[in-house]
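Q: First, the structure itself, so that you have it in front of you.
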Amino acid sequence: MARILIVYSSTDGHTRKICTRLQDVIEKQQHQVTLVSVEDDLAQDLETFDKVVIGASIRYGKHSDRIVRFIKDNTPILERKPSALFSVNLVARKPGKNLPETNPYFRRFLKQIVWRPKAMAVFAGKIDYPSYGFFDRLIIQLIMLMTKGPTDPKAVIEFTDWQQVETFGRLIAEL
């Protein structure tokens, strides 16, 4: 049984939902999982975990500065342990943009950090226009209009491939 830490950044809660699914899959493989938001006071000692997983959401083309700082501050530890990294973004809803090698946001993210995890993934996110404030809804609609995505202000669409998430969870358990 391995002790696994999942650290995540989530803007609207969808990345946390993905982390919870990963936790369920990994725990079914008889591992112990601790789930922590990078926004919380990370009192966790990374050395006490056997594996570390980091999940990062995108908002307006950027990953959270806190998640980038967390990775940079902990690179030596992350490099010594089996580790995984995943990104959640709406561009991944498009075929050919849902892999770490082809997703522009993930590729840009990797240029910000030197750590290279053993496993990487990109998951499509969720649009929930009714829950967004006026400004966020307007900006996201504009981005969706430019990328031929949904713009209906009442739309709630989950693009996440949950089978892909579960496969990634099993991969983490096997690292």
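Q: Rounded to the nearest 20 Debye, what is the dipole magnitude of the chain about its Cα centre when Lys and Arg each give +1 and Asp and Glu each give -1 at the C-beta?
A: Values: 26 positive and 20 negative charges, 132 e Å.
Taking the Cα centre of the chain as origin, the dipole is about 640 debye.
Q: Now for a separate question. When the accessible area of the chain is split by element with a 1.4 Å probe, what percent falls to carbon and sulfur? Numbers along the way, then the final one.
A: Details: 4600 of 8960 Å².
Carbon and sulfur together cover 51 percent of it.
Q: Rounded, prolate or oblate: which fits the stretch 1-96, taking a ≥ b ≥ c as square roots of the Cα gyration tensor eigenvalues, rounded meaning a/c under 1.5, else prolate when a/b beats b/c? Intermediate results must be reported in sequence, preceding the final value.
A: Numbers: a/c = 1.78, a/b = 1.29, b/c = 1.38.
Cα axes put the stretch 1-96 in the oblate bin.
Q: Please give the per residue accessible area of the chain, computed with a probe of 1.4 Å over protein heavy atoms only, in Å².
A: Details: 8960 Å² over 175 residues.
That works out to 51 Å² for each residue.
Q: Another question, then. Gaussian network model of the chain, Cα springs within a sub-10 Å range: biggest mean-square fluctuation belongs to which of ASN103, ASN74, ASN89?
A: Top of the fluctuation ranking is ASN74.
Q: Quickly estimate the mean residue ellipticity at 222 nm for the chain, helices only: each DSSP H run with n ≥ 4 gives -39500 (n - 2.57), and the total goes over all residues, rounded to 500. Provide the component values of the computation, followed by the final result.
A: Numbers: 5 runs with 66 residues, N = 175.
Result for the chain, helices only: -12000 deg cm²/dmol.
Q: Could you give the distance between the Cα centres of the stretch 137-162 and the stretch 66-123, to the whole Å?
A: What the calculation gives is 23 Å, centre to centre.
Q: At q = 0.14, 0.20, 0.21, 0.27 Å⁻¹, what log₁₀ I(q)/I(0) does the stretch 13-66 have when each alpha carbon counts as one equal point scatterer in the Debye sum?
A: -0.43, -0.85, -0.92, -1.25
Q: Ranked from the most accessible area to the least, with a 1.4 Å probe and all protein chains present, what is the order of MET1, MET146?
A: Descending order: MET1, MET146.
Q: In the chain, if every C-alpha pair distance is counted and binned at 10 Å from zero, what percent goes to each bin?
A: P(r) over the chain, rounded to whole percents: 10, 40, 35, 13, 2.
Q: While we're on this one: Pulled fully out, how much extra length does the chain show between LYS72 and PHE134, if you take 0.36 nm times their separation in residues and subtract their Cα-Cα distance? Working shown, then result.
A: On the way: separation 62, 0.36 × 62 = 22.32 nm, distance 3.39 nm.
Difference between extended and current length: 18.9 nm.
Q: Using only the Cα atoms of the stretch 52-126, construct the convex hull and provide its projected area averaged over every direction, in square nanometres to one decimal. Kindly include the intermediate steps, with their values, before the conclusion.
A: Numbers: hull surface 18.0 nm².
Averaging across all directions leaves 4.5 nm² for the Cα convex hull.
Q: Determine the alpha carbon to alpha carbon distance for each of LYS81/LYS118; LYS94/LYS126; LYS94/LYS148; LYS17/LYS118; LYS62/LYS118 and list only those over 18 Å.
A: On the way: LYS81/LYS118 9 Å; LYS94/LYS126 13 Å; LYS94/LYS148 10 Å; LYS17/LYS118 23 Å; LYS62/LYS118 23 Å.
Flagged as over cut-off: LYS17/LYS118; LYS62/LYS118.
Q: Percent antiparallel among DSSP beta bridges with both residues in the chain, to the nearest 5? Please report the intermediate quantities before stating the final value.
A: On the way: 5 of 29 bridges.
Taking every DSSP beta bridge within the chain, about 15 percent pair in antiparallel fashion.
The values are calculated or read from the model by the stated rules, or taken from the named source; none is laboratory data. Just so it is clear, the model here is predicted, and its values are computed rather than measured. Cβ atoms come from the backbone with ideal geometry, glycine included; neighbour counts cover every protein chain shown. Note: areas computed on protein heavy atoms with side chains; ligands, DNA, RNA excluded. Shrake-Rupley method; radii C 1.70, N 1.55, O 1.52, S 1.80 Å.
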